[in-house]
Amino acid sequence: MEIREAEAADWDGIWPFMRRIVAAGETYAWDRDLDEQRARQRWFPAPPWRTVVAVEGDRVLGTAISGPNREAQGAHVATASFMVDPNAGGRGVGRELGKHVLDRAQADGYRAMQFNAVVETNTRAVALWESLGMEIAATLPEAFHHPTLGYVGLHVMYRRF
């Protein structure tokens, strides 16, 4: 598996699993009917944001975006979002993307990483981020409306560099 900067041609490998993840409504607070054009705009934002992919040969296994969590006085803290093709689950793709994004943010001079919305019922993601040094800074009760579990909490996770 290789982690590299995403190219425009990678979109064709990202969109099919992104569409499934967003439509499921279990981990992203995005419109479940998000159209492809809007999804692509969100996932390929302008610099200083970065989009990376985890690939095996020509197959995109997962992807991440990262950049400043806020503008101006908050730009010293990074944030990131991740999506892994469910068909590649359990292979360490999320872990490798997470390590890459955290290392890159630190190398770029960010002082910390903040994840603004980790759904508390996404226990695999929570465990992964904790294993990479992220801590739950706060949980916003009932801030996410899960399609089958109802209102559940959203964790804000944080790691200083």
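Please report, ordered by residue number, the strands (runs of 3 or more DSSP E) entirely within the range 49-91 with at least 2 residues that are at pLDDT 95 or above and open to solvent by 30 Å² or more (accessible area, probe 1.4 Å).
In the range 49-91, 50-56, 77-84 are the strands (runs of 3 or more DSSP E) which contain 2 or more residues that are at pLDDT 95 or above and open to solvent by 30 Å² or more (accessible area, probe 1.4 Å).
So A9 clears everything in (1) modelled with pLDDT under 95; (2) not in a loop (DSSP other than H, G, I, E, B) except one condition, right? Which one?
Checking A9 against (1) modelled with pLDDT under 95; (2) not in a loop (DSSP other than H, G, I, E, B), the one that fails is (1).
Provide a single number: the residues in the range 143-161 that are of a type outside the set (A, V, I, L, M) and within 21 Å of V22 (Cβ to Cβ).
9
Does the range 140-154 include one or more residues that are of a type in the set (A, V, I, L, M, F, W, C), in contact with a helix residue (DSSP H, G or I) (Cβ under 8 Å, 6 or more places away or on another chain) and surrounded by 17 or more Cβ atoms within 10 Å (Cβ to Cβ)?
no
What number of residues in the range 106-124 are part of a strand (DSSP E or B) and either closer than 15 Å to G25 by Cα or not small (G, A, S) (or both)?
The total comes to 7.
Could you tell me whether D103 is surrounded by fewer than 16 Cβ atoms within 10 Å (Cβ to Cβ) and more than 15 Å from A29 (Cβ to Cβ)?
When the stated conditions are applied, D103 passes them.
Does F115 satisfy the criteria of being over 21 Å from V52 (Cα atoms) and surrounded by 12 or more Cβ atoms within 10 Å (Cβ to Cβ)?
Considered against the rule, which asks whether it is over 21 Å from V52 (Cα atoms) and surrounded by 12 or more Cβ atoms within 10 Å (Cβ to Cβ), F115 comes out as no.
Under 7 Å between Cβ atoms, at least 6 apart or on separate chains: pull out the pairs that start in the range 1-28 with a residue that is touching a residue at least 12 places away in the same chain (Cβ under 8 Å) and within 13 Å of E56 (Cα to Cα) and end on any residue that is open to solvent by 80 Å² or more (accessible area, probe 1.4 Å) and outside any helix (DSSP H, G or I).
Note: pairs meeting the criteria are M1/E56; G13/R59.
Can you pull out every residue in the range 125-139 that is assigned to a helix (DSSP H, G or I) and without any contact (Cβ under 8 Å) to a residue 40 or more places away in the chain?
V126, A127, L128, W129, E130, S131
The values are calculated or read from the model by the stated rules, or taken from the named source; none is laboratory data. Here the structure is a predicted model, which means the values were calculated and not measured. Heads up, the Cβs are rebuilt from the backbone with ideal geometry, glycines too, and the neighbour counts pull from every protein chain shown. With ligands, DNA and RNA removed, areas are computed over all heavy atoms of the protein, side chains included. Shrake-Rupley method; radii C 1.70, N 1.55, O 1.52, S 1.80 Å.
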